[in-house]
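In what follows, a structure is listed as structure tokens, so that the remarks can point back to it.
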Amino acid sequence: MIIFTYDKTFDGLLSCVFFAYEQKIFPDSILAEDGQKPLFVDASYHVVTEKEKAVRVWKSLEKKLSRFARNMMLSVWLSELPETEMLLFRYIRKNTDHRKGIEMNFGDDDVLRIKDIALKVGTDARKLIQFVRFQETADGIYFAPVTPSYNVLSLIVPHFKARYADQPWIIYDTRRNTGLYYDRRSVTEISFSPQTLSELRLGILDKEKVSEEEALFQQLWKEYFRSITIKERLNPKVQRAHMPRRYWKYLTELQ
């Protein structure tokens, strides 16, 4: 078995592709440099990420693949599934070796798997846009904790920058302990301490951390939700179908 190790970045993966063709060595597995290696290995190569080489690989893909196909590749990368590295490596290799590329060859298992994962990642991003709930903090920042199945925060930034361009906000992925802070000008990646993270995973901020107006509106919204509820027509099964349960802890009306 031949394995490549790399720094777990997308540029690093593209550098692995360049290294494979440069050295004419093709891996059976691609692992993070600090990951656990298989017991039996014939050869192991550590691939250093080189931006220039990564760009060359990407530009070659631009000649073979449509923008839609390249976006699907990026979505697969954001899925963070264990199979991601080798799936993308095989997909890139097949498109590189084929004269016209294999983007439309749906008889190929890797093409179908790329499409399937990209669809799931895209669905996760759309649901996040639909169900994210902001809470105004005491210092005037609109804060929304989330737990997406995939690492999709980067996919939803354009929507929220356009939709809430005039107010500062934070969307925080409590599963991956990373978030995005928008200060009305640019978006910055942030992370919180483990203690703060444990509090955020509860979904709703403590009363002392939200603004007085936010606390008032939360109470009004709960009362409104209760007043319009018709108990005889409650249908939890349908409710879960339209609003997945994993989003419930972020909904004020369900607290």
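FYI, it's all coordinate maths here, none of it is from the lab. Quick caveat, the model's predicted, so the values are computed rather than measured. Here the Cβ positions follow ideal geometry from the backbone for every residue, glycine too, while neighbour counts run over all protein chains shown.
A few notes on this one:
- Principal-axis analysis of the Cα atoms of the chain puts helix 84-97 at an angle of about 50° to the longest axis.
- Difference of contour (0.36 nm per residue) and Cα-Cα distance, Arg201 to Tyr164: 11.0 nm
- Ranked packing of 236-242, 103-109, most packed first, by mean Cβ within 10 Å: 103-109, 236-242
- Per-residue extension of 0.36 nm, minus the Cα-Cα distance of Thr229 and Asp28, leaves a gain of 66.7 nm for this segment.
- Computed from Cα positions, the angle between helix 109-131 and the longest principal axis of the chain comes to roughly 20 degrees.
- Here the simple spin-label model places points 7 Å from the Cα toward Cβ, and for Arg70 and Val48 these points are separated by 2.7 nm.
- Tail beyond 18 Å, pair distance distribution of the stretch 1-110 (Cα, percent): 47 percent
- Most to least packed among 65-72, 187-194 [average Cβ atoms within 10 Å]: 65-72, 187-194
- Aspartates and glutamates with Cα under 17 Å of Lys115, excluding same-chain neighbours fewer than 8 positions away: Glu80, Glu83, Glu85, Glu103, Asp124
- Cβ-derived FRET efficiency at R0 41 Å, Met243 paired with Asn105, nearest 0.05: 0.60
- In plain terms, the bigger the Kirkwood radius, the slower the diffusion; for the stretch 132-254, with that radius from Cα pairs, at 37 °C and 0.692 mPa s, Stokes-Einstein puts D at 209 µm²/s.
- With contributions of -39500 (n - 2.57) from each DSSP H run of at least four residues, the per-residue ellipticity at 222 nm computed over the chain stands at -15000 deg cm²/dmol.
- For the stretch 57-74, putting each phi into the Karplus relation 6.51 cos²θ - 1.76 cosθ + 1.60 with θ = phi - 60° gives couplings of 5, 5, 5, 5, 6, 4, 7, 9, 10, 6, 4, 4, 5, 5, 5, 5, 4, 5 Hz, in residue order, rounded to whole numbers and with x for Gly and Pro.
- Vicinal HN-Hα couplings computed from phi for the stretch 159-174 (Karplus, 6.51 cos²θ - 1.76 cosθ + 1.60; Hz; Gly/Pro x): 4, 6, 5, 6, 6, 10, 5, 9, 9, x, 8, 10, 10, 10, 8, 6
- Length gained when the stretch Thr137-Val55 is fully extended (0.36 nm per residue, less Cα-Cα span): 25.4 nm
- Coupling constants for the stretch 43-56 follow from the phi torsions by the Karplus curve (6.51 cos²θ - 1.76 cosθ + 1.60, θ = phi - 60°), and in residue order they are 7, 10, 10, 8, 9, 7, 5, 10, 4, 4, 5, 4, 5, 5 Hz; glycine and proline get x.
- Shape descriptor for the chain: Rg over Rh equals 1.06 (Cα atoms; Rh from the Kirkwood inverse mean 1/r).
- Of Leu78, Leu88, Leu220, the one that fluctuates the most in a GNM where the chain has Cα springs shorter than 10 Å: Leu220
- Taken along the Cα-to-beta-carbon direction at a fixed 7 Å, the label points for Arg185 and Thr123 span 4.1 nm.
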